């Protein structure tokens with residue numbers, strides 16, 4: 001039940017962040033860049049500070065979720081008491097299979113969250129290292 005709640009909270013936070021970014025840029029006029037003998041193209045203005053703040057917020061939520069998942073993985077690890085329950089109780093093999101499946105599921109989710117944290121960290125580094133506007137031009 002708590003896993004469903006955590007997924008719901010994370011997905012709603014991501015959804016809200018996406019909608020906030022779209023509405024923040026909806027009223028802004030795009031800048032037009034043109035060069036001789038090249039097509040003109042429109043680039044939207046992006047508020048870097050707001051974008052960095054949103055990424056940092058999502059990253060901190062992911063770190064919090066990672067800490068929860070580390071605890072879940074540690075708690076769901078098969079130990080000697082579980083082996084005793086498996087041996088004594090009827091249906092113990094079902095219990096062991098369920099316990100193992102929960103552990104693998106939590107481990108997989110933990111790996112995904114860690115990958116997302118690494119990706120958002122690299123995105124933050126890339127966003128913060130660029131301090132001046134960047135213009136890209138094709139060489140003749």
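Here, each number is a calculation from the coordinates, and none is a lab measurement. Treat the numbers as computed from the prediction; the structure is a model and nothing was measured. Please note: Cβ atoms are built from the backbone with ideal geometry, for glycine as well, and neighbour counts cover all protein chains shown.
A few points about this structure:
- Stretching residue 9 away from residue 137 to a fully extended chain increases their span by 41.9 nm, per 0.36 nm per residue minus the current alpha-carbon distance.
- Modelled FRET efficiency - R0 30 Å, residue 121 with residue 81, Cβ distances, 0.05 increments: 0.20
- Length gained on full extension, residue 94 to residue 43: 12.6 nm, using 0.36 nm per residue less the C-alpha separation.
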